[in-house]
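Participant: My questions all concern the structure below.
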Amino acid sequence: MTNADMTRQRFTGRVALVTGGGSGIGRAVARALAAEGASVAVAGRDAATLAATVTLIEADGGTAAAIPADVTVAEQVSRLVDTTVDRFGALDVAVNNAGVLGRPGPLADVAEPDWHTVIDTNLTGVYLCMKHEIARMRGRGGAIVNISSNIGAHGRIPGLGVYGAAKAAVSALTRSTALEYIGENIRINAVSPGPSDTTMSLRPGETPADRTARLAAALPIGRVGTLPEITAAVLWLAADESGFTVGHDLVVDGGATA
């Protein structure tokens, strides 16, 4: 994020909810939203990592609260959204980022529990979050950004079929739901990152340097994406400046899908 971006205050007076906010893209997005004036509810299953995100935000002068929740459990998602509104008074922006890669492997070798873990977290979690977020945004409007993946648009990475299927479904669900609620001034879009500088893109035992070297050769741009690059796309879709953008899946992957 540039110094110019840091001085912008596109979200002053607004309330944002970020799932999967304890690390990676979720933490970066939560910090960026707070830096631009939002009060941010940070959600996830690990209370310690959520607390660390809140500490970082508060150290930067922002406002945030950690709300532990498992996005695969309907009651916890309902409570998460209600707690966000009770704490900050509204819900204007939601970034549904919580996700898991799962255990890579050919489809015939995928155990049924592993299938359900990936589908439940990456797809059902987005459904549950949108369901309750939309209910709180009706009559007020708002912006929802779902974090999908470029893997949902191609099958060129062996062993990630379940993850790709879940993310393809997230992109499809984003488009259809966007059309259902744009008449109520609720804008719904998605961002599909490619390999980025997060722990999710690391293989077991691999160092970040090894990961970068492995992926650089496979990506047209010759490097992995940075968190500020992914975050900038998310914040643009959440901000008023993208007000004419509805049901869009913004691919940020260094040319991999192209």
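All of the numbers you see were taken from the coordinates with simple rules; none came from a lab. Just so it is clear, the model here is predicted, and its values are computed rather than measured. For neighbour counting, all protein chains shown are included, and Cβ atoms are generated from backbone atoms with ideal geometry for every residue, glycine included.
Participant: Could you identify which residue out of PHE11, PHE244, PHE88 has the top mean-square fluctuation in a GNM of the chain using Cα springs shorter than 10 Å?
Facilitator: Looking only at PHE11, PHE244, PHE88, the largest GNM fluctuation is found for PHE244.
Participant: Treating only the Cβ of Lys, Arg, Asp and Glu as charged (+1, +1, -1, -1), what charge dipole size does segment 3-248 show about its Cα centre? Round to the nearest 20 debye. The partial results should precede the final answer.
Facilitator: Working: 21 positive and 23 negative charges, 63 e Å.
The calculated dipole for segment 3-248 is roughly 300 debye.
Participant: Filter the DSSP H helices in the chain by two things, a Kyte-Doolittle mean of at least -0.5 and an axial alpha-carbon span of 24 angstrom or more, and list the hits by number. The partial results should precede the final answer.
Facilitator: On the way: long enough: 161-181 (30 Å, 0.40).
Answer set is 161-181.
Participant: Hey, any idea what the orientation-averaged projected area of the convex hull of the chain's Cα atoms comes to, in nm²?
Facilitator: On the way: hull surface 53.4 nm².
If I average the Cα hull's projected area over directions, I get 13.3 nm².
Participant: Here is a further query. Determine, for TYR163, TYR181, the number of other Cβ atoms within 10 Å of each Cβ, and report the residues in order from fewest to most. If you can, show how the numbers build up before the last one.
Facilitator: Working: TYR163 23, TYR181 19.
The order, fewest Cβ neighbours first, is TYR181, TYR163.
Participant: Quick one: among ASP109, ASP82, ASP210, which has the greatest mean-square fluctuation in a GNM of the chain with alpha-carbon springs under 10 angstrom?
Facilitator: ASP109
Participant: Based on the mean of other Cβ atoms within 10 Å per residue, sort peptides 93-102, 231-240 so the most packed one is first. Each step should come with its number before you reach the end.
Facilitator: Numbers: 93-102: 24.9, 231-240: 21.4.
Put in order of decreasing packing, that is 93-102, 231-240.
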